[in-house]
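> Handing you a structure now.
Throughout, read-outs are computed from the coordinates displayed, never taken from laboratory work. Please read these numbers as outputs of a predicted model, since none were measured by experiment. All Cβ positions, glycine included, derive from the backbone under ideal geometry; neighbour counts span all protein chains shown.
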Protein chains: 2
Amino acid sequence: MPHYVVGHKIPDSDSICSAIALSYLKTTLGEETVPARLGELSPETLFILDKFGFEQPELKMSYAGESLYIVDHSERTQGPDDIDEATILGIIDHHKLGDITTSTPLECWIRPVGCTNTIIKMMYDFHNVEIPKNIAGAMMCAILSDTVIFKSPTCTTADIKCVEALAEIAGIDDPETLGMEMFKVKSAVEGTPVRDLVLRDFKDFDMNGNLVGIGQLEVIDLAIFDDIKADLEADIAKLKAEGNRHTVLLLLTDIMKEGSEMLVVSDSADITERAYGKATSEGKVWLDGVLSRKKQVVPPLQEAFA
Amino acid sequence: MPHYVVGHKIPDSDSICSAIALSYLKTTLGEETVPARLGELSPETLFILDKFGFEQPELKMSYAGESLYIVDHSERTQGPDDIDEATILGIIDHHKLGDITTSTPLECWIRPVGCTNTIIKMMYDFHNVEIPKNIAGAMMCAILSDTVIFKSPTCTTADIKCVEALAEIAGIDDPETLGMEMFKVKSAVEGTPVRDLVLRDFKDFDMNGNLVGIGQLEVIDLAIFDDIKADLEADIAKLKAEGNRHTVLLLLTDIMKEGSEMLVVSDSADITERAYGKATSEGKVWLDGVLSRKKQVVPPLQEAFA
């Protein structure tokens with residue numbers, strides 16, 4: 001029975017590309033391993049897979065009785081629902097340490113860098129395994145996506161050096177141009193149902209017993225939302241009403257202006273004031289310089305809930 | 001303000017030596033870091049520090065407001081009591097993943113190997129930092145201790161290769177002879193108060209909401225306990241009565257015969273039968289081949305409590 005590698009629910013490019021890259025590495029090292037996914041892929045990820053000739057990983061929601069590697073998260077709310085019935089062989093991640101625990105020793109490569117694929121590259125180097133050209137391309141795109149083409153405050157010199165090395169392997173002369181092409185695909189919202197946009201890159205967090213959902217849409221120009229912003233606001237209110245979340249946030253991130261407009265629905269009216277020192281006006285607040293959910297949005301919110 | 005490196009409560013040689021080795025590495029890399037300890041040292045650890053010319057690390061129980069690296073554990077019950085008020089910069093460990101969480105990204109090096117110091121050696125290699133002779137000696141002794149001179153089922157080829165490399169750096173021709181010398185020090189029980197023996201290498205675990213304390217004494221010949229076994233049994237019963245533990249186990253491990261006698265006090269009379277398939281007789285059971293708490297004792301017990 002092969003082992004699996006799986007990223008978080010509502011998979012992003014990092015979750016998918018790191019699953020592909022890690023399963024190739026493990027298989028090369030003699031441990032048959034296949035990538036899987038916990039949901040449908042975004043247009044950006046489909047663009048990457050298409051560009052480098054990959055099939056979509058297997059859609060697999062249940063892992064009871066299986067052995068698996070977890071990539072790009074360590075939070076129970078973000079992983080498979082039946083993770084307790086699986087054996088976790090390892091975790092490769094670049095987020096805060098979540099609440100997944102194991103009953104046996106395992107392998108964890110967790111680093112405060114911009115992207116899981118930067119860590120997977122370290123693993124290839126550690127094991128002295130050559131990265132195939134197409135896997136290097138996919139890894140590189142995931143890093144460009146997670147670091148917002150190096151603009152995110154989560155980006156480290158390790159990420160930049162890693163992109164340079166992967167670009168050379170993949171034979172790509174200008175990674176940043178490819179990054180912009182990718183973000184143009186990511187920016188396309190026309191014709192997409194509003195709920196799909198809200199959930200395109202959406203993560204749930206347990207904050208001191210409160211369930212908090214945070215979505216993010218990164219685009220090249222925020223004007224793209226002018227016609228649908230009211231619909232997005234209505235839909236996150238609907239999403240909150242449907243479930244048991246204390247707060248739902250949607251970040252509309254302008255990667256060129258380097259900031260985010262945050263749409264807020266919360267049981268605590270003053271939540272953004274307490275977390276970010278700035279109150280909402282009509283359920284919205286502009287947060288200048290905020291590009292990273294992980295580094296700039298989640299930690300202050302967690303403090304506010306503590 | 002320097003950063004700290006601290007191992008688990010009731011520190012063993014791995015916790016202390018890895019704190020010394022990691023703090024030297026981090027300081028060399030430009031991040032001023034000092035080793036600390038959460039309790040008194042065992043005769044074995046004192047022997048190692050004396051042999052290689054180290055002072056005892058600072059005794060420091062409170063870390064509120066500090067930044068620290070955690071070594072040799074990832075369980076809340078085993079770490080500093082006020083860990084929630086500290087910033088965890090990283091975790092280096094070789095156990096199952098425990099319930100410590102963080103609110104910011106961090107550095108985790110967790111591997112299923114026999115000793116934390118084997119992982120610290122990988123970190124030195126990764127950063128291309130030379131290991132000083134005395135630190136190499138202390139790291140080597142910690143690995144010999146944790147792997148019971150390579151006899152433990154937790155021992156991996158990585159541990160054996162690491163001892164070889166460290167022995168060369170430290171200029172030690174015969175690591176196994178030094179290991180036996182160390183275990184002779186460890187075997188000395190005469191004149192030591194019974195409670196000190198019970199707690200010499202004692203760890204608490206949260207098993208599905210039940211607090212379980214497991215001590216271990218590794219000796220060269222189990223006969224050393226003949227005169228004090230009844231006192232040890234009485235004392236673990238007393239220890240259980242004093243606190244809120246569901247179960248207290250004391251492993252008397254014979255490293256030459258390669259097995260352990262387990263002394264048991266538990267709210268569930270059949271706990272060893274359910275976990276290890278063997279009932280106790282008068283509160284004791286011999287478990288052949290069992291040398292490792294981490295790999296052979298904890299996981300089946302966790303299953304039994306699940």
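> DSSP beta bridges in region A:217-306, what fraction antiparallel, as a percent rounded to 5? Walk me through the numbers on the way to the answer.
Details: 14 of 17 bridges.
Just about 80 percent of them are antiparallel.
> Could you give me the ³J(HN,Hα) list for region A:234-248, computed from phi with Karplus coefficients 6.51, -1.76, 1.60 and θ = phi - 60°, whole Hz, x at Gly and Pro?
3J(HN,Hα) across region A:234-248, in whole Hz: 5, 6, 6, 5, 5, 4, 5, 5, 6, x, 10, 7, 6, 8, 10.
> Give me the Å³ per residue figure for the convex hull around the C-alpha atoms of chain A.
127
> Report, in listed order, any pair from B:Lys60/B:Lys121; A:Lys26/B:Lys96; A:Lys161/B:Lys294; B:Lys60/B:Lys295; B:Lys186/B:Lys294 with a Cα-Cα distance greater than 27 Å. The partial results should precede the final answer.
Working: B:Lys60/B:Lys121 25 Å; A:Lys26/B:Lys96 21 Å; A:Lys161/B:Lys294 38 Å; B:Lys60/B:Lys295 29 Å; B:Lys186/B:Lys294 19 Å.
Violating the 27 Å Cα-Cα cut-off are A:Lys161/B:Lys294; B:Lys60/B:Lys295.
> Also: Please enumerate, by chain and number, the lysines with C-alpha under 18 Å from the C-alpha of B:Lys184, excluding those fewer than 8 residues away in the same chain.
Within reach: B:Lys51, B:Lys151, B:Lys257.
> Here is a follow-up. What average number of partner chain Cβ atoms lie no more than 10 Å from the Cβ of the residues making up B:80-90?
Numbers: counts 0, 0, 0, 0, 1, 0, 0, 0, 2, 1, 4.
That average works out to 1.
> Report the label-to-label distance for A:Lys257 and B:Trp286 in nanometres (one decimal), using points 7 Å from each Cα along the Cα→Cβ vector.
7.8
> Let me know the mean shielding of B:289-301 by other chains, meaning the per-residue number of their Cβ atoms within 10 Å of its Cβ. List each step's numbers first, then the result.
Numbers: counts 0, 0, 0, 0, 0, 2, 2, 0, 0, 3, 4, 1, 1.
Per residue, the number of nearby Cβ atoms from other chains is 1 on average.
> Also, I was wondering about something else. Straight-line reach from A:Lys238: which lysines fall under 22 Å, measuring Cα to Cα and dropping same-chain residues less than 8 apart?
Candidates past the 8-residue exclusion: A:Lys9, A:Lys203, A:Lys229, A:Lys284.
> Placing a label point 7 Å from Cα toward Cβ, how far apart in nm is A:Ala279 from its equivalents in the other copies, listed shortest first to one decimal?
Copy-to-copy label distances at A:Ala279, shortest first: 7.1 nm.
> Something else now. If you build the Cα gyration tensor of the protein assembly as shown and take the root of 5 times each eigenvalue, what three semi-axes come out, in whole angstrom, biggest first?
Details: eigenvalues 430, 140, 101 Å².
Its equivalent ellipsoid spans semi-axes of 46, 26, 22 Å.
> Starting with the fewest neighbours, write out A:Glu181, B:Glu66 ranked by other beta-carbon atoms found within 10 Å of each beta-carbon. Walk me through the numbers before you get to the answer.
Working: A:Glu181 13, B:Glu66 19.
Neighbour counts put them in this order, fewest first: A:Glu181, B:Glu66.
> Output wanted: per-residue J couplings in Hz (rounded whole) for region B:54-61, from phi through Karplus 6.51 cos²θ - 1.76 cosθ + 1.60, θ = phi - 60°, x for Gly and Pro.
Ordered by residue, 3J(HN,Hα) equals 9, 6, 5, x, 4, 7, 9, 9 Hz.
> I'd like the antiparallel share, as a percent to the nearest 5, of DSSP beta bridges with both residues in the protein assembly as shown.
Working: 45 of 97 bridges.
If I count the DSSP bridges inside the protein assembly as shown, around 45 percent turn out antiparallel.
> Whole number please: convex hull volume per residue, Cα atoms of region A:3-184, in Å³. Don't skip to the answer; put the middle values down first.
Details: hull volume 19.3 nm³, N = 182.
Looking at region A:3-184, the number lands at 106 Å³ per residue.
> Suppose each label sits 7 Å from its Cα in the direction of the beta carbon; what would the A:Gln56-B:Met1 distance come out to in nanometres?
4.9
> Here's a follow-up. Please give the net charge around A:Arg293, taking every other residue with its beta carbon less than 9 angstrom from that of A:Arg293, where Lys and Arg add +1 and Asp and Glu add -1. Show your work: numbers first, answer last.
Working: positive: A:Lys203, A:Lys294, A:Lys295; negative: A:Asp201.
Residues near A:Arg293 contribute +2 overall.
> Moving on. If contacts are Cα pairs under 8 angstrom and at least 6 residues apart, what is the relative contact order of chain B in percent?
Numbers: 606 pairs, mean separation 39.4, N = 306.
Across chain B, relative contact order equals 13 percent.
> With both bridge residues required to lie in chain A, what share of the DSSP beta bridges run antiparallel, to the nearest 5%?
Given both bridge residues lie in chain A, the antiparallel proportion sits at roughly 45 percent.
> While we're looking at this one, here's another question. Which residues' amide hydrogens lie under 5 Å from the amide hydrogen of A:Val5, considering only partners 5 or more residues apart or on another chain, with H built in the peptide plane?
Those lying under 5 Å, H to H, from A:Val5 are A:Val34, A:Ala36, A:Tyr69.
> Just going by the charge dipole of region B:127-243, with Lys and Arg at +1 and Asp and Glu at -1 on Cβ, which of B:Phe183, B:Ile214, B:Gly137 is farthest out on the positive end?
B:Ile214
> Shape of region A:246-298 from its Cα gyration tensor (a ≥ b ≥ c, root eigenvalues): rounded if a/c is under 1.5, otherwise prolate when a/b > b/c, or oblate?
Details: a/c = 1.83, a/b = 1.65, b/c = 1.11.
It comes out prolate by the Cα gyration axes.
> Sticking with this structure for a sec: What does the convex hull of the Cα atoms come to per residue for region B:74-153, in Å³? Spell out each step's value before the answer.
Values: hull volume 9.6 nm³, N = 80.
Dividing the Cα hull volume of region B:74-153 by its residue count gives 120 Å³.
> From the label point of B:Glu168, set 7 Å along Cα to the beta carbon, how far off in nm is each other copy's matching point, shortest first?
Result, one decimal in nm: 2.8.
> Additional query: Show me, for region A:10-15, the HN-Hα J-couplings you get by feeding each phi into the Karplus relation (A = 6.51, B = -1.76, C = 1.60, θ = phi - 60°), rounded to Hz, glycine and proline as x.
For region A:10-15, the Karplus-derived couplings read 6, x, 9, 5, 5, 4 Hz, x marking Gly and Pro.
> Please report the base-10 log of the normalised intensity I(q)/I(0) for region B:194-305, using a Debye sum with one equal scatterer per alpha carbon and no solvent, at each q in 0.13, 0.14, 0.20, 0.22 (1/Å).
-0.42, -0.49, -1.07, -1.34
> Shifting gears a bit: Would you order A:Leu22, A:Leu68 from fewest to most other beta-carbon atoms within 10 Å of each residue's own beta-carbon?
Numbers: A:Leu22 26, A:Leu68 23.
Least crowded to most crowded, the residues run A:Leu68, A:Leu22.
> Sum -39500 (n - 2.57) across every DSSP H segment of at least 4 residues in the protein assembly as shown, then divide by the residue count to get the 222 nm mean residue ellipticity, nearest 500. Spell out each step's value before the answer.
Working: 20 runs with 224 residues, N = 612.
Roughly -11000 deg cm²/dmol at 222 nm, from the helical runs in the protein assembly as shown.
> Something else: So how strong a dipole does region B:3-184 carry about its Cα centre when Lys and Arg Cβ are +1 and Asp and Glu Cβ are -1, to the nearest 20 debye? Let's see the in-between values first.
On the way: 13 positive and 29 negative charges, 52 e Å.
For this selection, approximately 240 debye.
> Give, in nm to one decimal, the length gained when the segment between A:Asp84 and A:Ala64 is fully stretched (0.36 nm per residue of separation minus the Cα-Cα distance).
6.4 nm
> If each label sits 7 angstrom from Cα along the C-beta direction, how far apart, in nm, is B:Met61 from its counterparts in the other copies?
Label-point separations across copies, in nm and ascending: 5.0.
> Moving to a separate point now. Cα axis of helix A:133-146 to longest principal axis of chain A: angle in degrees, 0 to 90, nearest 10?
Long axis of A:133-146 versus the principal axis of chain A: about 20 degrees.
> Roughly how crowded by other chains is peptide A:107-113, in terms of the mean Cβ count from those chains within 10 Å of each of its Cβ atoms? Mind showing how you got there, number by number?
On the way: counts 5, 10, 5, 9, 6, 7, 2.
Going residue by residue through A:107-113 and averaging, the value is 6.
> Here is a follow-up. Tell me which B residue has its C-beta closest to the axis rotating B onto A, and the distance in Å?
Smallest Cβ distance to the axis, with its residue: B:Cys108, 2.
> Further question: May I ask you to sort B:Val6, A:Val298 by Cβ crowding, counting other Cβ atoms within 10 Å and putting the fewest first? Intermediate results must be reported in sequence, preceding the final value.
On the way: B:Val6 31, A:Val298 23.
With the sparsest Cβ surroundings first, the list reads A:Val298, B:Val6.
> Could you please state, rounded to a whole Å, how far the C-alpha centre of region B:241-306 is from the C-alpha centre of region A:245-306?
The two parts, judged by their Cα centres, are 50 Å apart.
> What percent does the relative contact order of region A:1-112 come to when contacts are Cα pairs within less than 8 Å and at least six residues apart? Walk me through the numbers on the way to the answer.
Working: 234 pairs, mean separation 27.7, N = 112.
The value is 25 percent.
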